[in-house]
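For reference, the structure discussed in these notes is given below.
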Amino acid sequence: QITSGTFFLLPARGWELLVGVFAAFYLKYKTHPKSRTFNQILSLLGFSMIAYSIIVFDETTPFPSVYALVPVLGVVLLVLYADRETLAAKLLSTKAFVGVGLISYSAYLWHQPLFAFARINSSTTFPSFVYLVLTIVSILLAYLSWKYIETPFRKRSVSRVKVFTLSGCLMASFIGFGFYGHLFNGFPDRFSEAELALVSPQIGDSSGCNNGLDAEEIEKGNSCLVTITSENKIDT
């Protein structure tokens, strides 16, 4: 069984970084092979392996596992054999691919909160167009982040004093907001009375949902599932 820790933490994924290290050391002491045909075939194979992973792998694919060899080795083949004369290198050098590469990290950072908060605020599965809109918004925000945050930092057009001052102010704002929320019990005024009643465990309530469960069990989530409609009616 693949756990989230296996996916996100280093011990199970460190070998992927190590493969990249070996590829970097190889290129430090040797150049790309001289055979253009050899480079063409292996670089296209690497590109195809990455494309295959993107298209075929889904949430049912155990990852990381032996399946991870497909995209990882695909990247290694590109690094080692995709010199400037290969079709794979020319394709990846087009403006479209370069543009996606430039904003890719910002897009990675933006899409997570957008999709997470959208799911939190909805109890139903989104239609496809909602995911499309969220993706477009992520890309637009990523472009703005790259242009007005990443690029100025790379060009060192922002002084260290400004960086540390802004960072300190933002950190203080987040800490202050969190402390304020802690003092006032998470801003309960944002909930209606019906919603507040649900987050206050009651033993043996009239609906029978929690009958026979103590407070500890209820806190673990071993109680009935409830939803609140727009008319504040409680469905169990």
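Total Lys pairs in region 32-167 closer than 29 Å by alpha-carbon, pairs eight or more apart in sequence or interchain only? Total qualifying Lys-Lys pairs in region 32-167 comes to 8. Label-to-label distance, V66 versus T6, with points set 7 angstrom from Cα along the beta-carbon direction: 1.4 nm.
When all alpha carbon pairs of region 1-160 are counted in 5 Å bins from zero, the resulting P(r) reads 1, 7, 11, 14, 17, 18, 16, 9, 5, 2, 1, 0 %. Determine the sum of side-chain charges near K90: Lys and Arg each +1, Asp and Glu each -1, restricted to other residues whose C-beta is under 14 angstrom from that of K90. Net of charged neighbours comes to +1.
Surface exposure of region 5-58, expressed per residue as accessible area with a 1.4 Å probe, stands at 74 Å². Potential lengthening of the chain between F22 and S159 amounts to 45.7 nm, from the contour at 0.36 nm per residue minus the alpha-carbon distance. Projected onto its three principal axes, the C-alpha set of region 98-168 covers 46, 32, 12 Å, listed from the longest axis down. By the gyration tensor of its Cα atoms, with a ≥ b ≥ c the square roots of the eigenvalues, what is the shape of region 135-175: rounded for a/c under 1.5, prolate for a/b over b/c, or oblate? Note, shape of region 135-175 comes out oblate. Residues in region 27-68 near a label at D83, defined as backbone nitrogen under 11 Å from the 7 Å Cα→Cβ point? Counting only backbone N, you get 31-40.
Of D58, D83, D189, the order by accessible heavy-atom surface (1.4 Å probe, DNA, RNA and ligands excluded), from most exposed downward, is D189, D58, D83.
Computed from the C-beta positions of H182 and T151, the FRET efficiency with R₀ = 22 Å rounds to 0.05. The portion of the accessible surface of region 87-132 made up by carbon and sulfur, rounded to a whole percent, is 71 (1.4 Å probe; DNA, RNA and ligands excluded). Let a ≥ b ≥ c be the square roots of the eigenvalues of the Cα gyration tensor of region 53-139; is it rounded (a/c under 1.5), or, if not, prolate (a/b larger than b/c) or oblate? Oblate. Annotation for region 157-176 versus region 116-139: alpha-carbon center distance of 31 Å.
The values are calculated or read from the model by the stated rules, or taken from the named source; none is laboratory data. No experiment lies behind these values; they were computed from the predicted model shown. Methodologically, a virtual Cβ is constructed for each residue, glycine included, from the backbone with ideal geometry; neighbour enumeration extends over all protein chains shown. These area figures cover heavy atoms from the full protein model, side chains too; ligands, DNA and RNA do not enter into them. Shrake-Rupley method; radii C 1.70, N 1.55, O 1.52, S 1.80 Å.
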